[in-house]
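Asker: Below is a structure I'd like to ask you about.
The values are calculated or read from the model by the stated rules, or taken from the named source; none is laboratory data. Remember, predicted model here, so these are calculated numbers, not experimental data. Here the Cβ is made from the backbone with ideal geometry for all residues, glycine too, and neighbour counts use every protein chain on show.
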């Protein structure tokens with residue numbers, strides 16, 4: 001578990017996925033990608049991709065938890081999918097623009 005601070009760069013230990021923390025609530029969380037805990041961007045990781053967390057992550061997408069208290073930007077896509085405290089986190093949906101008259 002670690003405190004996710006905005007600006008922190010992290011990467012998956014089991015695939016090519018890299019993320020940057022955009023927004024955080026300041027609490028400790030367990031962030032995983034591909035079923036394995038993420039590591040610092042400069043660290044090396046090892047392990048195998050968990051098939052249950054192999055839906056993939058896409059570069060340029062923002063990922064948020066259900067309450068939108070944590071927001072991550074995927075800076076490099078990979079085969080692993082992201083989860084926070086054991087719950088999968090999904091790509092943030094674009095807000096609908098108001099209609100014009």
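Asker: Condition (residue is more than 18 Å from residue 94 (Cα to Cα), part of a strand (DSSP E or B), modelled with pLDDT of 95 or more and within 13 Å of the chain's Cα centre (by Cα)) applied to region 20-28: is it met by at least one residue?
Answerer: Within region 20-28, the first condition is being more than 18 Å from residue 94 (Cα to Cα), and the residues that meet it are 20-21, 24-28.
When the remaining residues are screened for being part of a strand (DSSP E or B), the result is 20-21, 28.
Going one step further and asking which of them are modelled with pLDDT of 95 or more, we end up with 20-21.
Of the ones still in play, those that are also within 13 Å of the chain's Cα centre (by Cα) are 20-21.
Yes.
Asker: For region 46-59, give me each residue that is farther than 17 Å from residue 85 by Cβ and outside any loop (DSSP other than H, G, I, E, B).
Answerer: Of everything in region 46-59, those that are farther than 17 Å from residue 85 by Cβ and outside any loop (DSSP other than H, G, I, E, B) turn out to be 51, 57.
Asker: Within region 86-101, restricting attention to residues that are in contact (Cβ under 8 Å) with a residue 24 or more places away in the chain and assigned to a loop (DSSP other than H, G, I, E, B), which residue is farthest from residue 35 (Cα to Cα)?
Answerer: Ranking the candidates gives 92 first.
Asker: A further question follows. Determine which single condition residue 7 fails, assuming it passes every other condition in (1) part of a strand (DSSP E or B); (2) on the phi > 0 side of the Ramachandran plot.
Answerer: Here residue 7 meets the rest and fails (1).
Asker: For the list (1) surrounded by 15 or more Cβ atoms within 10 Å (Cβ to Cβ); (2) within 11 Å of the chain's Cα centre (by Cα), I need the number of the one condition that residue 50 fails.
Answerer: For residue 50, the failing item is (2).
Asker: With the structure loaded, tell me whether residue 47 is on the phi > 0 side of the Ramachandran plot and in contact with a strand residue (DSSP E or B) (Cβ under 9 Å, 6 or more places away or on another chain) or whether it fails that test.
Answerer: Answer is yes for this residue.
Asker: A follow-up question, please. Could you check, for region 79-86, whether at least one of its residues is touching a strand residue (DSSP E or B) at 6+ places or on another chain (Cβ under 9 Å), more than 16 Å from residue 15 (Cα to Cα) and buried (at least 17 other Cβ atoms within 10 Å of the Cβ)?
Answerer: yes
Asker: State all residues of region 60-85 that are assigned to a loop (DSSP other than H, G, I, E, B) and under 8 Å from the mean Cα position of the chain (by Cα); if no residue qualifies, say none.
Answerer: 81
Asker: Name every residue in region 31-45 that is outside any loop (DSSP other than H, G, I, E, B) and crowded, with 19+ Cβ neighbours inside 10 Å, in order of residue number.
Answerer: Hits for region 31-45 are 31, 32, 33, 36.
Asker: Within region 55-64, how many residues turn out to be crowded, with 18+ Cβ neighbours inside 10 Å and either farther than 12 Å from residue 21 by Cα or free of Cβ contacts under 8 Å to residues at least 12 places away in the same chain (or both)?
Answerer: Residues meeting the conditions: 1.
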